[in-house]
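Colleague: Dropping a structure here in structure tokens format, bear with me for questions.
We did not get these values from a lab; they are worked out from the coordinates using the rules stated. All values derive from a computational prediction rather than experimental measurement. Note that we place each Cβ from the backbone using ideal geometry, even for glycine, and neighbour counts take in every protein chain shown.
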Amino acid sequence: MAGRLCMRATLRRGAVRPWRRAALAVAAVVSLAAAASASDPRITRIDPPGAQRGGEVTFRLIGDRLHDQPQTLLLSEPGIELLRLERVDNKTVTARVRIAEDCPLGAHHLRLCTETGLSNLARVHIGALPELSEAEPNNTVERAQPIELGVVVNGVVQREDTDCFAVELTAGQRLSVEVEGLRLSSRALFDPALVVLGPGRNVIAKADDSQPTRQDPCVSLVAAEDGRYCILLREVALRGGGDHRYRMHVGSFARPMAVFPPVAEAGKPTEFRWLGPAAPAETFTATLEAGAEAGTDDGWHGKQLLPAPQERSEGGLGAAPTGLPVRVANRPVAVESEPNDTHQQATPFTGPAAVAGVLQRPGDRDFFRFAAKKNQTWNLRVWARKLASPADTVLRVLDARGKRLAGNDDDRGQSDSYIRFRAPADGDYVIEVAENLGRGGPTHVYAVEAAPVAPVVEMNLHEHQRYVSTTINVPRGNRTAVLINTRRVDFGGELECGFDGLPAGVSIDAAPVAGNYYRTPVVLSADASAEPAAALTRVTARRTGGGPLTARFKQQEWYVRGQNNFPTFSYFAHTAPVAVTTPAPFKIRLVEPQSPIVRDGSKNLRVIAERDEGFENPIRVQLMYHPPGLSSNRSRSITKDQSDVLIPATANGRAGLGDWRIVVIGEANHGGRLRVSTQLVTLTVAEPHLGLTLSKAAAQQGGEVDYRVGIEPRTAFEGEAKLQLLGLPPGVAAEPVQVAADATEAVFKLRLAADARLGRHRSLACRLTLTQAGEPVVHTRGGGELMIDPAPKALAGKPRGKRTAGRPAPGTRSSR
């Protein structure tokens, strides 16, 4: 199973298994309308938000639509073992867990799986120190809450609140403080700030945003004298509230700000050293494996958190709460060799490779030299901000004499640089790395990967609801569908997507991604006998017909959004959650079209619903996606007194030709949003059977005129087609005409009433309808024109001559 820890809750002895209880209820014909079922469970808060590793703790999962029996916790990281799940009420579930002694520090991500589905992604934070709670009042230095070194304080910053804590230090003793605030993902825009006061109440350290913790602060200092030191924590703009929660780690742990090198070759032992004023002096060796990364807070693949060090000095009280990111590369790594401040001093390397360096001082520039063949194309990508470095890099490519050939500052809105470089000739070339504003320092680390062009596909699941990551809940004996979005890099052609590690009893039907398109629907079906289960699955892709391909999947969890929905803090998962749930009270089926929809045509798609007895809620149905050039009505519903509904669909004149797999989604309110889908069916988009060319005509009121439509035979059909004029102005009528497949012209007899509307009418269109495989094929073509003039008798007695518009006739007075 792709999910590393997918654990079933231990049920109380003697209790009936929830899914068996559901089956008995169905057998007893219990009314579904009376059942207390709730779909789409949501977690809004976890109390406490974290815990110390090496013990047991009970988390309270608080949210909405938690009516149903909890089944399991789906955990993304190792180190936490589920012991028991219990439903307290409709808004609370408790989870008793055991946290391993060697559980990785930092954020652990989880989803609650109930009988009816998976919750959103929530997170708890695991620390190395004992936990305690903030004690109010502590909003002044005089009332500062006394604490010992080596604790994690759990608290809340209220509006215009400052939480104060006092700790006794001796001269030479280290004090390290790190806050988890925004990273607790309470959905609040919480930007905490730290200030440390010395015994004389002077400010000796402060932090708002910090390098390894982003918008959460951390400080580390050595006490200059014995005495009482105060730690002040507030929101930087003095905002606050019940959702502005924090965990503040206070100890003497080492707090490095960076690690060097920030890139390591996969599977090869690498010697690292910590950087920063509070970093340990010793080096250490670690081996990182490719493909072992979990999700990341910035969405970049191939990155791992290297655990921060355990302080080895006398009196050390724990490890730093947050590790440091390292890029894992599938190629050799070269480290800069100083001096390399000019292109003549460039550090040599052989590509493909990754190079690493530090912009150690303001104005520092680093140079690396490599050889390339004529017309060879290289991807040169910088990793700096993506690895929590403060460096805002500028990347340049020079020739061997120092002439600039290419350059880049930011890449697609990201602060790190990227250049696609094509060598103009055989020879040596130089990479230059600099800081955009000329800054530098001992922690301004970076890595540059130089790699040849290779095919890559990036994927995610289309969001059913904006800013809500997609979960896949498959009701037993039913279907659901998801839409996979793809982005091809350096290749083209058809793709085949799928899932690895699905729960037992779940199968998929996936349509290929057309070579000229970017998305595809996938229908997941669960057997009626499938056991309730949940898994973190791997989304896969391969090129139809084979060939090398690197597939990358990431799904954004929008934890905190700022102004204009800017993603202030997000998490990117690299697996897709799938669960088998209790049966849904309805199914839907799409009748497969037997005839095509043609360009500039329309078609009705029939959806049939099957309801369980007692379920009468309306079922909203719509196409999950539209092939290029198609559109459809997205507001259709199957009401309680209906068994089916038609979804009108249209194709424009540039609709993508060929066979497209389509699927319809059905949604109903069943104590929450409940989604199922139809099967995949094939809809063919074709050229019209007849080409139509509409003409221009003129007629007089009360008269008749022949209106001609040119016909170009294209595709043979049996029988005759009906042509009907549309958009005729008021007072004009025309009977439909019948034409054969080989017709070249159709003539309509237009009859104009005496009061037909005068003027030029450009709204004429012609609708062609023929029957194929027992279904209508409809094609509509516009562009016709009809000019209606007054009848001759209506002109009698009117004055001749020209008259300026808006002026009265001679001999008359203005109405003004």
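Colleague: Got a sec to turn the phi values of the range 268-274 into Karplus ³J(HN,Hα) couplings, 6.51 cos²θ - 1.76 cosθ + 1.60 with θ = phi - 60°, whole Hz, x for Gly and Pro?
Modeller: Per residue, the Karplus-derived 3J(HN,Hα) values read 10, x, 10, 8, 10, 9, 7 Hz.
Colleague: With a point put 7 Å past each Cα toward its Cβ, work out how far LEU238 is from SER507 in nm, to one decimal.
Modeller: 6.6
Colleague: Between the alpha-carbon centers of the range 547-574 and the range 705-762, tell me the distance in whole angstrom.
Modeller: Measuring centre to centre over Cα atoms gives 54 Å.
Colleague: Work through the residues other than THR682 whose Cβ is under 12 Å from its Cβ and net out their charges, Lys, Arg +1 and Asp, Glu -1.
Modeller: Charge balance near THR682 sits at -2.
Colleague: Quick one: if the Förster radius is 22 Å, what FRET efficiency do ALA290 and THR540 give, using the C-beta to C-beta distance and rounding to 0.05?
Modeller: My answer for the efficiency is 0.85.
Colleague: Then there is this: Out of residues 5 or more away from ALA279 or on other chains, whose amide H comes under 5 Å of its own, with H placed 1.01 Å from N in the peptide plane?
Modeller: Amide H to amide H, under 5 Å and 5 or more residues apart or across chains, ALA279 pairs with nothing.
Colleague: Further question on the same structure: Would you mind getting the Kirkwood hydrodynamic radius of the range 242-285 from its Cα pairs, rounded to one decimal in Å?
Modeller: Radius from the Kirkwood sum: 12.9 Å.
Colleague: Helix 18-27: angle to the longest alpha-carbon principal axis of the chain, degrees 0 to 90, nearest 10?
Modeller: 30
Colleague: Residues in the range 552-572, backbone N under 12 Å from the label point at ASP209 (7 Å along the Cα-to-beta-carbon vector): list them, ranges by number please.
Modeller: Under cut-off, by backbone N: 568-569.
Colleague: While we're looking at this one, here's another question. Ordered by residue, what ³J(HN,Hα) values in Hz, to whole numbers, does the range 61-71 give under the Karplus form 6.51 cos²θ - 1.76 cosθ + 1.60, where θ = phi - 60° and Gly and Pro are x?
Modeller: 8, 10, x, 10, 6, 9, 5, 7, 4, x, 10
Colleague: Normalized C-alpha radius of gyration of the range 304-421, against 2.2 N^0.38 Å?
Modeller: For the range 304-421, the normalised Cα radius of gyration is 1.26.
Colleague: Kindly state, to the nearest 0.05, the FRET efficiency for GLN772 paired with LEU646, given R0 = 22 Å and r defined as their beta-carbon distance.
Modeller: The calculated FRET efficiency here is 0.75.
Colleague: If you stretched the chain out fully between ASP399 and SER415, how much longer would it get, using 0.36 nm times the residue separation minus the C-alpha to C-alpha distance?
Modeller: The span from ASP399 to SER415 would gain 3.3 nm if fully extended.
Colleague: A further question follows. Take ALA698, project a point 7 Å from its Cα along the Cβ direction, then tell me which residues of the range 729-762 have their backbone nitrogen under 14 Å from it.
Modeller: Zone members listed by number: 759-761.
Colleague: Taking amide H positions as placed 1.01 Å from N in the peptide plane, with prolines and chain starts having none, which residues 5 or more places from THR347, or on another chain, fall under 5 Å of its amide H?
Modeller: SER337, PHE367, PHE368, ARG369
Colleague: I've got another one for you. If you stretched the chain out fully between ALA753 and ASN90, how much longer would it get, using 0.36 nm times the residue separation minus the C-alpha to C-alpha distance?
Modeller: Gain in length upon complete extension: 231.8 nm.
Colleague: Quick one: which of 259-266, 518-525, 167-174 comes out on top by average Cβ neighbours within 10 Å, and what's the full order, highest first?
Modeller: Highest to lowest by the protection proxy: 259-266, 518-525, 167-174.
Colleague: Continuing with this model, one more query. For ARG361 and ALA406, what is the calculated FRET efficiency with R₀ set at 30 Å and r taken between the beta-carbons, to the nearest 0.05?
Modeller: Rounded to the nearest 0.05, the efficiency is 0.70.
Colleague: Separate question: If packing is taken as the mean number of other Cβ atoms within 10 Å per residue, what is the order of 563-571, 432-440, highest first?
Modeller: Top of the packing list down: 432-440, 563-571.
Colleague: Compute for the chain: radius of gyration divided by Kirkwood radius, i.e. Rg/Rh, restricted to C-alpha atoms, rounded to two decimals.
Modeller: 1.09
Colleague: Cβ neighbours within 10 Å, averaged per peptide: list 460-471, 118-129 in order, most packed at the top.
Modeller: 118-129, 460-471
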